[in-house]
1. Give or take rounding to whole Å, what are the principal axis extents of the alpha carbon atoms in the chain, in descending order?
2. Nearest 5 is fine: what % of DSSP beta bridges in the chain come out antiparallel, could you say?
3. Kindly provide the GluC sites (Glu not before Pro) of segment 139-240 that DSSP labels as loop, not H, G, I, E or B, and whose Cβ sees at most 14 other Cβ atoms within 10 Å.
4. Sum up the charges of everything whose Cβ sits under 15 Å from the Cβ of LYS4, counting Lys and Arg as +1 and Asp and Glu as -1, but leave LYS4 out.
5. Using only C-alpha atoms and all pairs of different ones, pull out the Kirkwood radius for segment 106-226 in Å with one decimal.
6. Give the order of TYR103, TYR180 when sorted by the count of other beta carbons within 10 angstrom, beginning with the fewest.
7. Along Cα→Cβ, 7 Å out, is where each label goes; now give me the distance between the ones at ASP91 and GLU3 in nm to one decimal.
8. Considering the options LEU74, GLY292, PRO2, tell which one lies farthest towards the positive end of the dipole of the chain, charges being +1 on Lys and Arg and -1 on Asp and Glu at the Cβ, about the Cα centre.
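None of the figures in this text is laboratory data; all of them are computed from the coordinates on show. Every value quoted in this text rests on a predicted model; they were computed, and no experiment measured them. All Cβ positions, glycine included, derive from the backbone under ideal geometry; neighbour counts span all protein chains shown.
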Amino acid sequence: MPEKELIVVGELNVDLILNNIDGFPKIGTEILADDMNLTLGSSSAIMAANAAAMGVDTTFCGKVGNDMFGEVVLKELKNKNVCTDHISSSDTHQTGITIVMSYAEDRANVTYCGAMELLTIDDIPWEDIKNFKHFHLSNFFIQKGIRKDITTIFKKVKEAGITTSLDLQWDPENKWDFDYRECLPYVDVFMPNEAEIMALTRTSSVDEALEAVKPFANTIALKMGAKGSVGIEDDTQMEVSSFTNPKHIDSIGAGDSFNSGFIKKYIGGGSLQECLTYGNLMGALNTTAAGGTGAFNSPEEIEQKVKSIFNVAI
Ligand SMILES: Nc1ncnc2c1ncn2[C@@H]1O[C@H](COP(=O)(O)OP(=O)(O)O)[C@@H](O)[C@H]1O
Ligand SMILES: [Mg+2]
């Protein structure tokens, strides 16, 4: 029996978030921000950190630079109880960073990918992989070193006898060069949101997109923001409503927290309905605090917050 529960393979970066900015930046001028935060960024790291905070035994495989931001990433992950033994540092590339210019209605992001682009199939600890119960990969399009081998990676992981999940995330180049017909048969749980699945399949409705993907997918967990989520497995399709958050702060990382919750239940052998419901609950909890990890510290605190905010016993 595997001793360890979850391995997450993905990108690592810090987020430098500028708030209360006095207008929009213009070339040749300078404007001021009233507030700044340096936090753990990247969807894969948020998924791993929150799964660990929910009590899942979690290991991360990724790459940072040999620099101060790399130290910030490692420290934050260790603080959240994520095993960092399979994170390596590059001497040639610096740690990735996203500069987030946050305005009331929306955000403008600039990302430097850096060391995350160097992660390849050879960095995955193949010798160790059979000791995990589940493998999750996130943010496919921005990981140039992983992209070309994506089907081989999932095929090899399945051959090791463990379960798998994939969250592609958005393609910043909007090319959607991912062969879902070839890869999804090796993915146990495919976890897109509505915009992503339509862009990937070049369709204009979610129903058409699901029809295009279904013949190749195993379980699909479709995220639908404040509406909740839909699960598809064999001939079953079910919709599970979201939990209403009375004090919405922001939705940064909600999809990653949904993934953490869903996969926690999936590893534990939960039914599709249980996985979707717990995913929705963790997605909603994510929206009660700023950023992607603010609401997730320990299983005890999560239990208490879920009881007081949503009146749900877990
Ligand atoms: N405003 C919200 N209120 C309640 N739950 C939410 C809200 N936004 C997101 N969620 C929950 O989080 C999940 C993931 O969020 P979503 O925004 O769909 O993902 P992504 O970040 O990948 O686009 C949703 O399926 C839902 O369960
Ligand atoms: Mg997402």
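1. 58, 46, 42
2. Working: 23 of 54 bridges.
Just about 45 percent of them are antiparallel.
3. Details: sites: GLU159, GLU173, GLU182, GLU194, GLU196, GLU208, GLU211, GLU233, GLU239; in loops: GLU173.
Here the sparse-neighbourhood loop sites are GLU173.
4. Working: positive: LYS130, LYS133, LYS264; negative: GLU3, GLU5, ASP57, ASP85, GLU127, ASP128.
Summing Lys and Arg as +1 and Asp and Glu as -1 gives -3.
5. Numbers: mean 1/r = 0.0655 Å⁻¹.
Mean inverse Cα-Cα distance, inverted, gives 15.3 Å.
6. Details: TYR103 13, TYR180 21.
Listing TYR103, TYR180 from fewest to most nearby Cβ atoms yields TYR103, TYR180.
7. Taking the two extended label points, one gets 3.2 nm.
8. Highest projection toward the positive end goes to PRO2.
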